[in-house]
Amino acid sequence: MKVIFAGTPEFAAVALEALHQAGFEIALVLTQPDRPAGRGMQLHASAVKQFALAHGIEVLQPLSLRMDSADPQRAEQARAAHQRLQETDYDVMVVAAYGLILPRSTLDIRPCINIHGSLLPRWRGAAPIHRAIEAGDSETGVTIMQMEEGLDTGPMLLAERVAIGPHESTASLHDKLAALGGRLIVTALHRMEAGTLEAQPQPQEGVTYAAKIGKEEAGLDFSADAAVLERKVRAFNPFPGAHARVGGVTVKIWDAEALAGDSAQPHGQVLAADARHGIVVACGEGSLRLTELQKPGGKRLPAAELLKGFALAGLRFE
């Protein structure tokens, strides 16, 4: 089978590599335009583009695929991309975390199937991995589905479950689901070739939406329950990174542990800050032990290392 692949971040690049290694011909890759990143804000190619260029695969980077865009530049790029898709000899488009909406004009050219990082219909949308951890889900998975115009509403082709461990972060779960997605999409295309891939409609019940993560969500409010805050820390690792302000400094919190037992101290109060107990902060219910932190401009450090140069005893997190 000949494949057009549309994706942008590392999650998608893992799937692209799996398809390439499985021997599928990648006729064309679509990925988002290069973005400024790093301290110098220089343009950086996406993980998918880097893989494609390293393997001699043609890359298109339109700003949009909507030919009816009000922006003339976007509309022109969309028309050019649409023409290129029509001219390309391919059997199926595989989409994974592309980041652009595929309009009906694109979906109608050839079959389009998507690799989605949740067990649909739970966590449709942009941030299924983050939201599953934040919500305290005990499991998630990957769904391969047919694409339609609705947001992750298409029929399901394959799905496999993955347990969410008690210390799972978005970083670690992302890697597990990316590897699973690569394996499942290869299986799906082999079954499509054999004519044995069957579609099932998504259940009508259990639909939830995984809204895009905003940086403003990452500030920790210690009036919340410790268990809720601990999940947020894991959900926002590595992006955007949970943070809180103490002693006039905003610190990022990369790992934490919820502790049972309420304190008479107000929420946000540092209950312990030493090598034996670590950094323990009072919460609305229970307390939170902060185990890995980062000061502005510094490195991520275990709590004991951070305390060597940052006295927190008696302070209160805002």
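The values are calculated or read from the model by the stated rules, or taken from the named source; none is laboratory data. Just so you know, these numbers come straight off a predicted model, no measurement behind them. Ideal geometry is used to build each Cβ from the backbone, glycine not excepted, and the neighbour counts take in all protein chains shown. These area figures cover heavy atoms from the full protein model, side chains too; ligands, DNA and RNA do not enter into them. Shrake-Rupley method; radii C 1.70, N 1.55, O 1.52, S 1.80 Å.
Pull up the range 257-281, narrow it to residues that are among the charged types (D, E, K, R) and either at pLDDT 95 or above or not in a strand (DSSP E or B) (or both), then point me to the one that is farthest from PHE310 (Cα to Cα). Please lay out each step first, then the result.
So in the range 257-281, the residues among the charged types (D, E, K, R) come out as 257, 262, 274, 276.
Now narrow it down to the ones that are either at pLDDT 95 or above or not in a strand (DSSP E or B) (or both): 257, 262, 276.
Numbers: GLU257: 20, ASP262: 26, ARG276: 16 Å.
Out of the qualifying residues, it is ASP262.
Suppose the filter is more than 18 Å from the chain's Cα centre (by Cα), modelled with pLDDT of 95 or more and among the aliphatic types (A, V, I, L, M); does VAL142 pass it? Before the answer, list the steps.
Numbers: more than 18 Å from the chain's Cα centre (by Cα): no; modelled with pLDDT of 95 or more: yes; among the aliphatic types (A, V, I, L, M): yes.
When the stated conditions are applied, VAL142 does not pass them.
Of the residues in the range 271-300, how many are open to solvent by 60 Å² or more (accessible area, probe 1.4 Å) and of a type in the set (A, V, I, L, M, F, W, C)?
Qualifying residue count, the range 271-300: 2.
Can LYS232 be described as surrounded by 20 or more Cβ atoms within 10 Å (Cβ to Cβ), charged (D, E, K, R) and part of a strand (DSSP E or B)? Let's see the steps before the verdict.
Values: surrounded by 20 or more Cβ atoms within 10 Å (Cβ to Cβ): yes; charged (D, E, K, R): yes; part of a strand (DSSP E or B): no.
The answer is no for LYS232.
Return the residues of the range 59-91 that are open to solvent by less than 20 Å² (accessible area, probe 1.4 Å) and out of contact with any Lys or Arg (no Cβ under 6 Å at 6 or more places or on another chain); say none if nothing qualifies. Even if it seems obvious, please write down each step before you answer.
Let us first name the residues in the range 59-91 that are open to solvent by less than 20 Å² (accessible area, probe 1.4 Å), namely 62, 64-65, 75, 78, 81, 85, 88, 90.
Result: PRO62, LEU65, ALA75, ALA81, LEU85, THR88.
Among the residues of the range 16-64, write down those that are in contact with a helix residue (DSSP H, G or I) (Cβ under 8 Å, 6 or more places away or on another chain), in contact (Cβ under 8 Å) with a residue 60 or more places away in the chain and part of a strand (DSSP E or B).
LEU28, LEU30
Just to be sure I understand, how many residues within the range 255-264 are surrounded by fewer than 23 Cβ atoms within 10 Å (Cβ to Cβ) and closer than 14 Å to LEU293 by Cβ?
Initially, the range 255-264 is screened for residues surrounded by fewer than 23 Cβ atoms within 10 Å (Cβ to Cβ), giving 255, 257-264.
Now restrict to residues that are closer than 14 Å to LEU293 by Cβ: 255, 257.
The number of residues fulfilling the criteria is 2.
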